[in-house]
Every structure is written in structure tokens, then in C-alpha cells.
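Student: Could you have a look at this structure, given as C-alpha cells, before my questions?
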Amino acid sequence: MSSNFRRRDFIAAAGALGLARPALAQAAAKVVVIGGGFAGTTAARAIKALEPGASVTLLEPKTTFTACPFSNEVIVGMRELSAQQFGYDGVRKAGVEVVHEAATAVDSEARVATTSSGAKLAYDRLVLAPGVAMNWGALPGYTEAAAEKMPHAWEAGDQTTLLRNQLEAMPDGGTVVISAPANPYRCPPGPYERASLIAWYLKTNKPKSKLLLLDSKDVFSKQKLFQNAWKEFYPNLEWVSQSSGGTVVSVDPATLTFVTDFDKHKADVGNVIPPQKAGAIAAIAGVADRTGWCPVDPVTFESTLRKNIHVVGDACIGGAMPKSAFAANAQAKACAAAVVSLLRGAPPPEPLLLNTCYSVAAPGYGFSVAGVYKPGKGLLLEVPGSGGTSPVDAPASLREAEAKLASGWFNTIAAEVFG
């Protein structure tokens with residue numbers, strides 16, 4: 001597979017979707033995309049590739065994107081943060097106007113987005129890809145200030161570095177405590193990959209230390225695969241499920257204490273992965289419902305709450321499709337095809353979406369889960385029999401191969417979206 005994000009790839013895909021025809025004859029359509037992560041940047045580039053005559057503007061306050069996939073490896077010193085960071089020069093070269101400002105308001109009636117500088121951007125279609133925000137206060141005791149003592153590291157960047165520094169500073173014999181939230185949240189297998197890699201770090205560098213994973217669930221993604229890895233490699237890792245008293249009901253950042261229904265757990269390093277919701281602009285734009293997430297039409301990703309606004313990536317309610325970078329990229333491409341169709345007054349194509357999620361439980365030890373999804377009953381449903389996980393009893397050679405595939409996938413998607 002080529003790692004280059006090429007306009008001709010989209011044109012070929014457009015032909016298959018019935019979209020490869022002359023651009024709009026009327027005044028150039030205006031599309032504004034808010035959010036410069038995997039979903040938003042993919043959507044902006046795809047729309048511009050499918051409809052070169054359209055004006056496509058990407059609003060993203062940060063000049064450098066820091067990717068979450070593989071950031072668990074940064075935490076344990078297997079990778080540097082710089083390997084996660086990408087600029088937007090390639091996006092500009094693709095014809096997208098990139099404006100490094102935050103979106104502060106959306107007038108869905110007037111079809112205008114306002115930026116932090118006060119600029120007004122008119123649009124025919126608006127695509128929101130705000131990612132997630134930490135739901136501060138949903139877990140008693142866990143606030144934005146508390147995250148400076150008990151980092152979440154669920155947004156890559158300073159929090160990633162903070163957790164890494166805390167692990168390095170912890171004396172041998174210390175205890176790391178991680179709390180995993182109830183669904184939904186970004187990257188369902190992420191807490192278990194993180195626990196695995198931190199357990200590897202402790203085993204390698206601080207062998208007298210231990211890790212406690214407190215979970216608000218009894219069942220999680222790739223559970224058997226992770227638990228087999230833990231049994232083989234990590235006697236220093238203890239998982240406490242919901243039914244065994246693992247649900248964290250509050251935290252005390254002053255004492256690094258996790259409180260469950262039945263016990264209190266004191267940490268030397270505390271990693272709180274809190275409840276989450278759609279990024280702030282979703283509520284401002286009126287596309288988030290009372291759950292904090294964004295209901296969408298599964299064919300077009302248009303908000304069911306506001307017309308002419310589409311939501312893709314982690315922020316949307318994706319039905320059976322998980323919140324992952326792979327899913328965000330796939331949703332953005334489907335949304336782009338729908339947006340261009342709607343701008344042309346044509347019926348949008350019904351998408352068939354793929355997601356593959358890799359996890360690395362130790363250096364050279366990876367596995368994956370995959371699924372195919374299509375619209376149904378107002379949601380994205382998994383196609384029966386389409387997916388599955390890596391074999392539970394796979395040989396070491398396959399685990400090593402999947403770890404390499406994981407790395408290859410990340411390099412490919414990063415080059416496609418930002419290169």
C-alpha cells in the first residue's frame with residue numbers, strides 16, 4: 001500500500017462511488033472543517049481532492065498535531081514524542097487553506113463559523129472533528145488541576161511527557177495505579193495496552209514495582225489476548241474488574257489515592273483515564289446530545305440535531321464502530337464523499353467502513369481486531385462474520401509480524417493524512 005495521500009486515489013474511489021464528474025458549475029462551494037486530527041484533516045483533503053473547485057478551510061489552533069496512537073510507547077521510553085508529531089505543510093500543498101485558530105462559535109442558521117480572532121467563515125457544509133475532551137468532574141476529585149498530579153495522558157503531548165517523567169522518577173518498589181473508565185471513550189483497548197507496556201517497563205527497569213489496573217468494566221476489547229500476554233509476561237500486573245470492585249468512584253490527587261466501592265488504593269504514580277465526551281465545539285455548535293456525544297446519520301455523518309453540519313471521528317456516536325484513528329480516517333473519507341454528493345445535489349453513496357486496531361503488549365508482541373461496518377437502524381452496525389481478532393494461540397512469529405504491521409500502519413496513515 002502506498003504511504004502517500006494522492007489526489008488520484010480519491011478520484012479513482014470517486015469513480016466507484018459515481019462521483020467522478022465535472023465540478024460544480026455554480027459559485028465555488030465553501031466547506032469549513034473544524035479539527036486537525038486524523039478525522040478532520042482526512043475530511044478536508046478528501047473533499048478538496050473530490051471537488052477541486054471547492055473552497056476548503058481547516059480550522060485547527062495547534063500548528064503541530066501530536067498523535068495518540070503509539071503514545072503509550074512514548075510513556076515507557078520505547079519511542080520519542082517527536083515521532084508522534086506532524087505539521088500541516090502537506091495539507092496546504094493539497095490545496096486546503098489551514099487556519100491556526102480555534103473555532104469559538106457556530107451559527108447553524110446563518111451557516112457561519114467564528115474563529116478566536118473574530119473572523120467569520122461562511123460555509124455551505126461544516127464538518128466537525130473535535131475529538132474528545134476530558135469530562136472534568138464526572139469522576140469526583142478529578143479536575144484539570146488534578147491531572148497535573150495524576151495525569152490522564154489521553155491527549156498526547158505534555159500529559160504524555162508528564163506520565164513518562166513520573167514513571168522514571170518513581171523508586172523501585174513503587175506502585176502504579178491505572179483507572180479505566182466505562183464505555184464509551186477514545187481507543188477501547190488503550191488502557192490495556194498502556195497497562196501492558198508500563199508493566200513491561202517496570203519489569204525491565206524497576207522489577208520490585210507492581211501495577212494495579214482498576215476497571216469499570218468486566219469485559220474489554222481483545223481481553224483474552226491481553227490476559228494471555230499478562231499471564232506470560234507480567235506477574236507484576238493485577239487487573240481488578242468491575243464485579244471485583246474495580247470501579248473507581250473518586251480520587252484524591254493530594255494523596256494519589258483511588259477510591260472504589262470497597263477499598264482505597266494508594267499510588268506512587270497514578271494514571272486516571274477519566275470519562276470523556278465530544279470536544280467543546282460540539283456542544284457550542286449544538287450537535288452534542290445529553291450523553292455528551294454527537295448523534296449522526298450513518299450514511300452522511302450529518303448531525304441529526306443540526307442541518308448542514310457533519311461530525312466524524314471520536315466525537316460522533318458511531319454505533320458498533322469504535323473510537324479509533326483508523327475509524328476516524330475511514331469515516332472522514334465516507335463523509336467527504338457524502339458532502340460532495342450533497343453539494344452537487346446528488347444522493348450520497350452508502351458507505352462500507354473498515355476498522356483495524358492494533359495493540360502492542362510488549363516489544364515485538366502485537367495483535368489486532370478488525371471489523372467491517374455499514375449503516376443500519378440509524379447506526380453503524382458491524383457486518384456479521386466480517387471481523388475478528390488475532391488467533392489467541394498464535395506463535396511468537398505472528399505476534400512479531402503484527403507488531404511490525406502496527407508500526408507500518410501508523411507510518412502509512414501519518415504520511416497519508418499529513419504528508
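We did not get these values from a lab; they are worked out from the coordinates using the rules stated. Source: prediction; values computed, not measured. When we count neighbours, we look across all protein chains shown, and the Cβ atoms used for this are built from the backbone with ideal geometry, even at glycine.
Student: So which lysines can residue 149 reach, going by Cα to Cα under 28 Å and dropping same-chain residues fewer than 8 places off?
Tutor: Within reach: 62, 203, 206, 208, 210, 217, 264, 266, 277, 323.
Student: Could you give the length gained by full extension between residue 227 and residue 109, i.e. 0.36 nm per residue of separation minus their alpha carbon distance, to one decimal place?
Tutor: Roughly 37.4 nm would be gained on extension.
Student: For the range 257-401, just the Cα atoms, rotate onto the principal axes and tell me the three extents in Å, largest first.
Tutor: For the range 257-401, the Cα extents along the three principal axes come out at 56, 40, 24 Å.
Student: Moving on. Mind checking which aspartates and glutamates have their C-alpha under 19 Å from residue 224, skipping anything on the same chain fewer than 8 residues away?
Tutor: 193, 215, 232, 238, 393, 400, 402
Student: Excluding residue 323 itself, calculate the net charge of residues whose Cβ lies under 13 Å from the Cβ of residue 323, where each Lys or Arg counts +1 and each Asp or Glu counts -1. Intermediate values should be presented prior to the final figure.
Tutor: Details: positive: 186, 277; negative: 314.
Combined, the nearby Lys, Arg, Asp and Glu give +1.
Student: How large is Rg/Rh for the chain, to two decimals, with Cα atoms and a Kirkwood Rh?
Tutor: 0.98
Student: Computed FRET efficiency, Cβ-Cβ of residue 78 and residue 289, R0 35 Å: what is it to the nearest 0.05? Numbers along the way, then the final one.
Tutor: Details: r = 39 Å, r/R0 = 1.11.
Once the sixth-power term is evaluated, E becomes 0.35.
Student: Just from its helices, what would the mean residue ellipticity at 222 nm be for the chain, if runs of 4 or more DSSP H residues each count -39500 (n - 2.57) and the sum is divided by every residue, rounded to the nearest 500 deg cm²/dmol?
Tutor: -9000 deg cm²/dmol
Student: Roughly how many Å is it from the Cα centre of the range 107-179 to that of the range 69-97, as a whole number?
Tutor: 17
Student: Please list, by residue number, everything in the range 365-380 whose backbone N is under 13 Å from a paramagnetic label point 7 Å out along Cα→Cβ of residue 320.
Tutor: Flagged as within label range: 370-380.
Student: Take peptides 195-202, 384-391 and line them up by average Cβ neighbours within 10 Å, highest first, as a rough protection proxy.
Tutor: Working: 195-202: 24.1, 384-391: 12.4.
Sorting 195-202, 384-391 by mean packing, highest first, produces 195-202, 384-391.
Student: Also, I was wondering about something else. Compute the length gained on full extension between residue 352 and residue 261: take 0.36 nm times their separation in residues and subtract their Cα-Cα distance, giving the result in nm to one decimal.
Tutor: Value of the extension gain: 28.5 nm.
Student: Excluding same-chain residues fewer than 8 positions from residue 374, which aspartates and glutamates have a Cα within less than 16 Å of its Cα?
Tutor: Result set, ordered by chain and number: 297, 302, 350, 382.
Student: Now a separate question. Charges only on Cβ, +1 for Lys and Arg, -1 for Asp and Glu: so what's the dipole of the range 87-127 about the Cα centre, in debye to the nearest 20?
Tutor: 100
Student: Compare the peptides 306-319, 280-293 by average per-residue count of other Cβ atoms within 10 angstrom and give them in order, highest first. List each step's numbers first, then the result.
Tutor: On the way: 306-319: 25.6, 280-293: 19.1.
Highest to lowest by the protection proxy: 306-319, 280-293.
Student: Rank these for me by crowding, 269, 296, going from fewest to most other beta carbons within 10 Å.
Tutor: 269, 296
Student: For the chain, give me the percentage of DSSP beta bridges that are antiparallel, rounded to the nearest 5 percent.
Tutor: The antiparallel fraction comes to roughly 55 percent.
Student: What is the ratio of the Cα radius of gyration of the range 146-275 to 2.2 N^0.38 Å, with N the residue count, to two decimals?
Tutor: After normalising by residue count via 2.2 N^0.38 Å, the value is 0.96.
Student: Helix hunt in the chain: which complete DSSP H runs extend at least 20 Å axially by C-alpha with mean Kyte-Doolittle at least 0.0?
Tutor: In the chain, the long hydrophobic H runs are 325-343, 396-418.
Student: Let me ask something else. What's the longest piece of the chain with no exposed GluC sites (Glu not before Pro), counting a site as exposed if DSSP puts it in a loop and it has at most 12 other beta carbons within 10 Å?
Tutor: 145-419
Student: What does the highest-first list of 259-268, 43-52 look like by mean Cβ count within 10 Å?
Tutor: Values: 259-268: 14.8, 43-52: 26.0.
My ranking of the peptides, most packed first, is 43-52, 259-268.
Student: What value in Å³ per residue do you get for the convex hull of the alpha-carbon atoms in the range 281-367?
Tutor: On the way: hull volume 9.7 nm³, N = 87.
It comes to 111 Å³ per residue, whole-number rounded.
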